[in-house]
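The values are calculated or read from the model by the stated rules, or taken from the named source; none is laboratory data. Note that this is a predicted model, so its numbers are computed, not measured. All Cβ positions, glycine included, derive from the backbone under ideal geometry; neighbour counts span all protein chains shown. What goes into the accessible areas is simple: the full protein's heavy atoms, side chains included, and nothing from ligands, DNA or RNA. Shrake-Rupley method; radii C 1.70, N 1.55, O 1.52, S 1.80 Å.
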Amino acid sequence: MLQEFLLALPVLLFSMVVHEYAHGFAALRQGDPTAYQLGRLTFNPIKHIDPWMTILMPAMLWWASSGGFIFGGAKPVPVNPRNYRNYKKGDIIVSLAGIVANLGLFVACLVLAVAVGIVGQAVPGAADALGLLQRMLFWGIWLNLLLAFFNLIPIPPLDGSHVLYHVLPPAIGAQYRALSRFGFLILLGLIVFAPQFFYVLLLPARAATLFAWDIAAPYALRSLPF
């Protein structure tokens, strides 16, 4: 179990950093230099680590689930939507940028997992070392899909809420966005008291993961994570 944790945690950290970098980069392209000016437009994980979301929560979830689940988040990249050249367009693009980045990493992990498997099967002497690398890539498939679909959930301040806000009538949208001040408490309450809510909403992520693993299974050098 410890080995799996040590394989999954770096992948989760990298995926979270790429997610936040994508937000900052998209904001810069939309006219907001806030993240860049504050030194947050970087892949340096130290700049993105939040003690609770990035370290303690993933570790607690891992041990509480006996190695069956790991999840976390990075420190949100600061953006100022008032700087966007087009507020509505910019807000949607910036909000979806992290999700698109995670989906891109999912595809990259799948392709690399197959490639590593092909090499490992062709060079048996390297199979053990490549098996560990491939195992990390398998975790990358699941974790990036999990991050993408979780952030699509329209609960403020998750990314999906920004998109829904612009679809709603202005008056209702304003009330909806006001929930962001309680967003973390709402998420925490649902996780503790109604975990089945997330189980249902994240079924597409699990289904896509299993489909991807089916593609990579013929090239697997070790058993799949679950």
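Structure notes:
- Those residues of the range 41-60 which are of a type outside the set (A, V, I, L, M, F, W, C), open to solvent by 20 Å² or more (accessible area, probe 1.4 Å) and either within 28 Å of Gly90 (Cβ to Cβ) or at pLDDT 95 or above (or both), in sequence order: Thr42, Asn44, Pro45, Lys47, Asp50
- Failed criterion for Ile141 (all others in (1) aliphatic (A, V, I, L, M); (2) in contact with a Ser or Thr (Cβ under 7 Å, 6 or more places away or on another chain); (3) modelled with pLDDT of 90 or more; (4) part of a loop (DSSP other than H, G, I, E, B) hold): (4)
- Residue that is nearest to Trp142 (Cα to Cα) [pool: residues in the range 167-186 that are modelled with pLDDT under 85, in contact with a helix residue (DSSP H, G or I) (Cβ under 9 Å, 6 or more places away or on another chain) and among the aliphatic types (A, V, I, L, M)]: Ile186
- Any hit, the range 109-119, residues being within 15 Å of the chain's Cα centre (by Cα), buried (at least 20 other Cβ atoms within 10 Å of the Cβ) and either farther than 27 Å from Leu13 by Cβ or in contact (Cβ under 8 Å) with a residue 24 or more places away in the chain (or both): yes
- Counting only residues that are open to solvent by less than 70 Å² (accessible area, probe 1.4 Å) and either in contact (Cβ under 8 Å) with a residue 24 or more places away in the chain or of a type in the set (Val, Ile, Thr) (or both), the range 166-178 holds 1 of them.
- Matching entry among Gly160, Gly131, Gly140, Gly98 (being among the small types (Gly, Ala, Ser) and over 25 Å from Phe197 (Cα atoms)): Gly131
- Residues in the range 54-104 that are among the polar types (S, T, N, Q) and more than 13 Å from Leu147 (Cβ to Cβ): Ser65, Ser66, Asn80, Asn83, Asn86, Ser95.
- Residue check for Ile155: farther than 27 Å from Gly31 by Cβ, without any contact (Cβ under 8 Å) to a residue 60 or more places away in the chain and not in a helix (DSSP H, G or I): yes
- Boolean, Arg135 is basic (Lys, Arg) and within 30 Å of Ser223 (Cβ to Cβ): yes
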